[in-house]
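To start, the structure itself, in structure tokens.
Since every read-out is calculated from the coordinates, none of them should be taken as a lab result. Bear in mind the structure is a predicted one, so any value in this text is a computation, not a measurement. Heads up, the Cβs are rebuilt from the backbone with ideal geometry, glycines too, and the neighbour counts pull from every protein chain shown.
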Amino acid sequence: MKNNINDSIICAGFGGQGVMILGKFLANAGIKENLNVTWLPSYGIEVRGGTAYSSIRINSDHIATPVVNFPNTAIIMNEPSLIKFEEKIEPRGFLILNSSMNKAAVKRKDINVLSIFLTDEALELGNIKVANMIAAGIYAAIRKMFKKDTLLKVIEEMAGGHEELTLINIKAIERGMEIGEEYINRQTKPVIIF
């Protein structure tokens with residue numbers, strides 16, 4: 001686990017892709033690691049099928065505001081969200097992009113990008129709804145602030161005792177962590193994020 005953590009994250013996608021759950025999951029993992037956390041969902045009129053996002057701050061120090069205007073990490077699940085948030089990512093920040101739901105090219109050259117077919121990966125696991133947890137696993141592997149045991153405990157708690165739901169989400173986290181580690185191992189120089 002890293003010292004001096006100061007992460008600001010945007011999770012964005014269509015309503016129904018689990019971006020609120022993803023944000024809440026990351027926030028709960030931060031709490032379990034005794035970090036300071038805020039989670040700010042943005043629903044507005046954005047219902048299932050519309051664009052929705054949540055903002056998360058995870059910090060080893062105090063957090064002045066839950067608002068994330070310029071994230072150092074963005075988990076983007078669809079093309080409209082890429083259009084909305086790409087320019088707001090901090091230079092040297094990190095973008096995890098669901099290329100299953102996005103055909104646009106990433107324009108930024110000053111950020112780290114992992115473009116992965118998250119929806120397809122989720123379908124291979126047997127449940128399209130776990131694309132968000134694959135993204136969480138990728139984030140965890142790359143940012144290295146959560147222990148794997150912490151992530152599994154949060155899944156168990158959030159699944160509320162539903163064994164089948166717990167198991168598929170654990171598989172998704174583990175697959176995401178594999179993808180994240182593969183990404184790190186492919187880089188010719190260390191991945192330095194904001």
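Simple rule: put +1 on each Lys or Arg Cβ and -1 on each Asp or Glu Cβ in the chain, find the dipole, and look at Asn34, Asn127, Ser8; the Cα lying farthest toward the positive end is Ser8. Multiplying the residue separation of Met158 and Thr65 by 0.36 nm and removing their Cα-Cα distance gives an extension gain of 30.9 nm. Neighbour counts of other Cβ atoms within 10 Å put Ser99, Ser55 in the fewest-to-most order Ser99, Ser55. Farthest toward the positive end of the dipole of the chain, out of Thr73, Ile116, Ile179, is the Cα of Thr73, where the dipole comes from beta carbon charges about the Cα centre. Taking a ≥ b ≥ c as the square roots of the eigenvalues of the alpha-carbon gyration tensor, the chain is classed rounded because a/c is under 1.5. Dipole size of segment 82-175 about its Cα centre, with +1 on Lys/Arg Cβ and -1 on Asp/Glu Cβ: approximately 500 debye, rounded to the nearest 20. For the chain, calculate the relative contact order in percent as a whole number, restricting contacts to Cα pairs under 8 Å that are 6 or more residues apart. Value for the chain: 20 percent. For segment 6-186, the Cβ-based charge dipole about the Cα centre amounts to some 400 debye (Lys, Arg positive; Asp, Glu negative; other atoms uncharged). A simple spin-label model places pseudo-atoms 7 Å from Cα toward Cβ; at Tyr43 and Glu178 they are separated by 3.6 nm.
The slack in the chain from Asn36 to Asn127, taken as 0.36 nm per residue of separation less the alpha-carbon distance, amounts to 29.6 nm. Other residues whose C-beta falls under 11 angstrom from the C-beta of Met101 contribute a net charge of -1, scoring Lys and Arg +1 and Asp and Glu -1. Once backbone amide H atoms are built at 1.01 Å from N, Val113 has Leu95 as its partners under 5 Å, excluding neighbours fewer than 5 places away on the same chain. Electrostatic tally near Arg175: other residues with Cβ closer than 15 Å to its Cβ, Lys and Arg +1, Asp and Glu -1, net -4.
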